[in-house]
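Remarks on the structure that follows.
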Amino acid sequence: MANQTKGFTRVIKAAGYSLKGLKAAWVNEAAFRQESVAAILAVIIALWLDISYIDRLLLISSVVLVAIVELINSAIEAVVDRVGSEYHELSGRAKDIGSAAVFITIGLALVIWATVLWQRYFAG
């Protein structure tokens, strides 16, 4: 049986792989960099606003979710590109669906931000 890493060592190795993935996304994916900068600014704004903890959690979670979905989309694109450079309908579909997931998540974040800000600053 192969030597399997267990316990705390496995957690440390997994964290290392995760950091490696974040670095790869930062270096290779312009969309991830742009969305990360936007997320950092959004988190700063969410912390600055005079809103409830739940509203703050909603605002921050929505922009973090965009980054998470972008990472998944980037992983899909990397796998598709690894399989081959020639066009295939399924490859294109996989990339388009990943992109659609990011698009919907950005839309969700915008709706959450608009709703929270409207309720706090414009609603009677």
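The values are calculated or read from the model by the stated rules, or taken from the named source; none is laboratory data. All of these numbers come straight from a predicted model, not from anything done at the bench. Cβ sites come from the backbone with ideal geometry, for glycine too, and all protein chains shown count toward neighbours. Remember, those area values only see protein heavy atoms, side chains included, never the ligands or the DNA or RNA. Shrake-Rupley method; radii C 1.70, N 1.55, O 1.52, S 1.80 Å.
Applying the criteria of a DSSP loop state and at most 13 other Cβ atoms within 10 Å to the GluC sites (Glu not before Pro) of segment 61-124 yields GLU86. Once you order the gyration tensor axes a ≥ b ≥ c over the Cα atoms, which shape class does the chain get: rounded for a/c under 1.5, otherwise prolate or oblate by comparing a/b with b/c? Note, shape of the chain comes out oblate.
SER61 exposes around 60 Å² of accessible area when a 1.4 Å probe is run over every protein chain in place. Multiplying the residue separation of PHE122 and LEU108 by 0.36 nm and removing their Cα-Cα distance gives an extension gain of 3.0 nm. Using the Cβ-Cβ distance between THR5 and VAL83 with R0 set to 30 Å, the FRET efficiency from 1/(1 + (r/R0)^6) comes to roughly 0.55. Accessible-area rank, largest first, for VAL11, VAL102: VAL11, VAL102, with all protein chains present and a 1.4 angstrom probe. By accessible area, using a 1.4 Å probe on protein heavy atoms only, the chain has 69% of its surface on carbon and sulfur. Its Cα centre serving as origin, segment 30-123 has a Cβ charge dipole (Lys and Arg +1, Asp and Glu -1) of approximately 220 debye. Only one residue of ALA101, SER18, ALA78 has its Cα farthest out toward the positive end of the dipole of the chain, where Lys and Arg carry +1 and Asp and Glu -1 on Cβ, and that residue is SER18.
Between SER61 and ILE44, the contour length at 0.36 nm per residue exceeds the alpha carbon distance by 4.8 nm.
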